[in-house]
Amino acid sequence: MGIALTAFIMVSSMPGLMIKQHESKYATVEETIEALKKSAADNNWNIAGFRDLKKSMAKTGYIIEKPVTILELCKETHATSILNSDPHISTMLPCALGVYEGEDGKVFISGMNVGLMGKMFGGNIAKVMGNVSDEEKQILQGVIK
């Protein structure tokens, strides 16, 4: 019974542990993206790309009612370290932040809990992802409430 209860608690809490969500202090997705771009640059991160999912889905006939954009962040020193030691983790690169408008009109930023993910892998991945997690907090600091 104890094992089943523990398993249930772990499974039900995993989404909250794996994905971090923050409310933006900006009123629009566009303002939030611009603030994130500036903060990333100020913290020596590059924008590898961004995808406006509302726009790209509309091209194929599917409608997303509210704006959703994925911002891809990269810091080459971290990426190089992981790709040289553990190239199978390439699917987790670059770091991505989702910026979207919620049901209440507020803007949110979501991202994977890279620190926790790194700990699951251990070794160099844990070290680098721990650094990424700390730097991501710095990038978000002036953008979230």
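The values are calculated or read from the model by the stated rules, or taken from the named source; none is laboratory data. Remember, it's a predicted structure, so these values are computed and weren't measured experimentally. Note: ideal-geometry Cβ built from the backbone for every residue, glycine included; neighbour counts use all protein chains shown. Side chains included, ligands, DNA and RNA excluded: accessible areas come from the protein's heavy atoms. Shrake-Rupley method; radii C 1.70, N 1.55, O 1.52, S 1.80 Å.
Probe 1.4 Å, all protein chains in place: accessible area of T60 in Å², nearest 10?
We get 90 Å² for T60.
Average the reciprocal distances over every distinct pair of alpha-carbons in the stretch 23-145, invert the result, and give the Kirkwood radius in Å.
So the Kirkwood estimate lands at 15.2 Å.
With r as the distance between the Cβ atoms of E31 and C74 and R0 = 25 Å, compute the FRET efficiency 1/(1 + (r/R0)^6) and round to 0.05.
Calculated value: 0.65.
Among 121-128, 106-113, what's the highest-first ranking by average C-beta atoms within 10 angstrom per residue?
Result, highest mean Cβ count within 10 Å first: 106-113, 121-128.
How would Y26, Y100, Y62 rank on accessible area, largest to smallest, probe 1.4 Å?
So the residues, ranked largest to smallest area, are Y62, Y26, Y100.
Aspartates and glutamates near K75 by alpha-carbon distance under 20 Å, same-chain residues fewer than 8 away left out - which ones?
Leaving aside aspartates and glutamates fewer than 8 places away in the same chain, those within reach of K75 are E34, D42, D86, D134, E135, E136.
Are any of the pairs K66/K145; K66/K119; K25/K54; K66/K127 more than 30 Å apart by Cα-Cα distance, and if so, which?
Too far apart for the 30 Å limit: K66/K119; K66/K127.
Grab the other residues whose beta carbon is less than 14 angstrom from that of S24, score K and R as +1, D and E as -1, and report the net.
Surrounding charge for S24 is +1.
So if I place +1 on the C-beta of Lys and Arg and -1 on the C-beta of Asp and Glu, and nothing else carries charge, what would the dipole magnitude of the chain be about its Cα centre? I want it in debye, nearest 20.
120 debye
For a quick check: with amide H placed at 1.01 Å from N, whose amide H comes under 5 Å from A96's, ignoring anything fewer than 5 positions away on the same chain?
L73, M112
What are the membrane-span-like helices in the chain by this rule: whole DSSP H runs, Cα extent along the axis at least 20 Å, mean Kyte-Doolittle hydropathy at least -0.5?
Qualifying helices: 2-18, 123-141.
Compute, for S39, the solvent-accessible surface of its heavy atoms (probe 1.4 Å) with the complete set of protein chains present, and express it in square angstrom to the nearest 10.
Per-residue accessible area (S39): approximately 20 Å².
For the stretch 69-106 and the stretch 15-49, compute the distance between their C-alpha centroids and round to whole Å.
The distance from the Cα centre of the stretch 69-106 to that of the stretch 15-49 comes to 11 Å.
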